[in-house]
Structure formats: structure tokens, C-alpha cells
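Just so it is clear, none of the values below were taken in a lab; they were calculated from the coordinates. The structure presented is a predicted model; accordingly, all values stated were derived computationally and were not measured. Heads up, the Cβs are rebuilt from the backbone with ideal geometry, glycines too, and the neighbour counts pull from every protein chain shown.
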């Protein structure tokens, strides 16, 4: 989980994941956090939780964006299977098991959000982005930038060096490159809850055009990289 300034929710998120998932996982499983220079006590809460749950590891980093944090987490993961999700508590931990039952048959299982509980503007931007990915890459996946997925570490090991063109929407690039690398991918549907606690740090409306155009150029670069293979 990448995390930054989630002090009002992160303790309950960790407890939920322990109760519904971690207590049933094999010995040696790990729960890794990348803390992006939180200033509200988030890091202290995670450190205190690590005394209760010995499988927690947290790395204090500078605040340099979701994409870089995600890639650091992918690189640090040691287990043969990697699960990635957000730290804001909008996903339901027990939905992990919906994905896990397919791990023997697929390299990559994704959870697409059903009944997305985000502000209208964020949902609209996501809808447009999903359609753009569909048009450019002919990918019939729902919620292409999902932050709830399980995959084999070998997939990350191969694709991580190639994740350079969508700095923020890194999970979309991961999906595209996994498809083009011919990995077996399964999509399932998972619950999305109202956000509790702090306000989402999504893009301010005035920055959406700039970052949208930047994402479009990134998609074109990815598309171009496969035209020459």
C-alpha cells in the first residue's frame, strides 16, 4: 500500500486486513507500506501497528507521487505472489478472496470497482480514460487503473523496468504491458465504499486538462513501443 496522510483511517484499514486476510495467509507473508512523507502521524500509527503485527514493513520516503511509490513497493516485494491496493479503506479487504481463488489459473487477477463511490468529476474522467484505452489498445477491461489486484511476482519482475510512460496511472501501464506480454489475466468485480476520514487527494479540476493530455501522450508512447516490435 502506498500511503500518505491517512492517520484517521490507516489503523482501522490495517486491522481489517489482519482480521479478514492476513491471519489466513502463509507464514512469511508481508504487508509493505511506502509512506510519502506523511505529516499527520500516519507513519507513527503504522509503526505502532507493526509491534502488534510483525509482518508489517514500512518505508519512509519523500512525497514523489503515486507511481513512484507503487514501483518502489513492487521492487521491494519478496513473496511469489503480490497483492496491491490503496490505503484509504474504500476497498473491502475480504474481497481479496474473490481474486485469490483464481491464482492457480491466471498470472494476473484484477478487481474492477462496482458502484464506484467517488465524486462525479473523478468518475467522469475515469470513464473517458477507460474509453481511450479501449480505443487505442482494444482492451476490454473494466476499471483499467484498478488498485486492487493480485499477480505473480514473475510478472512484476519482467514488466517493472518497462513502466516508464504513465507516471501516475502506472497500474494502467502494468495492465497494458501484461496483456501485450501474453499473460493470462482474469477480471472480477469488487465492492467500492464511501471514503471515510480525510478528503481524497485526487487531481484538482483545474489540473485535469494538463494531466489528461500528459496521460494521452503516455498512452501514445506505449502504443508506439509495440508498433516497432
| said: I'd like to know if the stretch 130-142 contains one or more residues that are in contact with a strand residue (DSSP E or B) (Cβ under 6 Å, 6 or more places away or on another chain) and over 18 Å from residue 93 (Cα atoms). | reply: yes
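Using the structure shown, decide if residue 69 is crowded, with 20+ Cβ neighbours inside 10 Å and closer than 24 Å to residue 172 by Cβ. Spell out the reasoning first.
Working: crowded, with 20+ Cβ neighbours inside 10 Å: yes; closer than 24 Å to residue 172 by Cβ: yes.
Answer is yes for this residue.
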| request: Find all pairs meeting these conditions: Cβ atoms under 6 angstrom apart; at least six residues apart or on different chains; first residue within the stretch 1-16 and at positive phi and in contact (Cβ under 8 Å) with a residue 60 or more places away in the chain; second residue surrounded by fewer than 16 Cβ atoms within 10 Å (Cβ to Cβ) and not in a strand (DSSP E or B). | output: 5/40
| Of the residues that make up the stretch 29-42, is at least one surrounded by 16 or more Cβ atoms within 10 Å (Cβ to Cβ) and at positive phi? | no
| message | Condition (residue is over 22 Å from residue 24 (Cβ atoms), in contact with a helix residue (DSSP H, G or I) (Cβ under 6 Å, 6 or more places away or on another chain) and not in a helix (DSSP H, G or I)) applied to the stretch 82-95: is it met by at least one residue? | response | no
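From the list 89, 111, exactly one residue is touching a residue at least 24 places away in the same chain (Cβ under 8 Å) and at positive phi. Which is it?
On inspection, the qualifying residue turns out to be 89.
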| request: Please tell me if residue 60 is over 18 Å from the mean Cα position of the chain (by Cα) and assigned to a strand (DSSP E or B). | output: yes
| task | Mind listing whichever residues of the stretch 153-193 are in a helix (DSSP H, G or I), closer than 14 Å to residue 226 by Cβ and in contact with a helix residue (DSSP H, G or I) (Cβ under 7 Å, 6 or more places away or on another chain)? | result | 159, 162, 173, 176, 177, 178, 180
| remark: Per the filter on the stretch 120-141, residues surrounded by 14 or more Cβ atoms within 10 Å (Cβ to Cβ) and outside any helix (DSSP H, G or I) are 139, 141
| query | Hey, does the stretch 52-61 have a residue that's closer than 24 Å to residue 162 by Cβ and either surrounded by 13 or more Cβ atoms within 10 Å (Cβ to Cβ) or in contact with a helix residue (DSSP H, G or I) (Cβ under 6 Å, 6 or more places away or on another chain) (or both)? | reply | yes
| Cβ-Cβ below 6 Å, separation at least six or inter-chain, first residue in the stretch 34-62 and within 12 Å of residue 3 (Cβ to Cβ), second exposed (fewer than 13 other Cβ atoms within 10 Å of the Cβ): which pairs? | 37/62
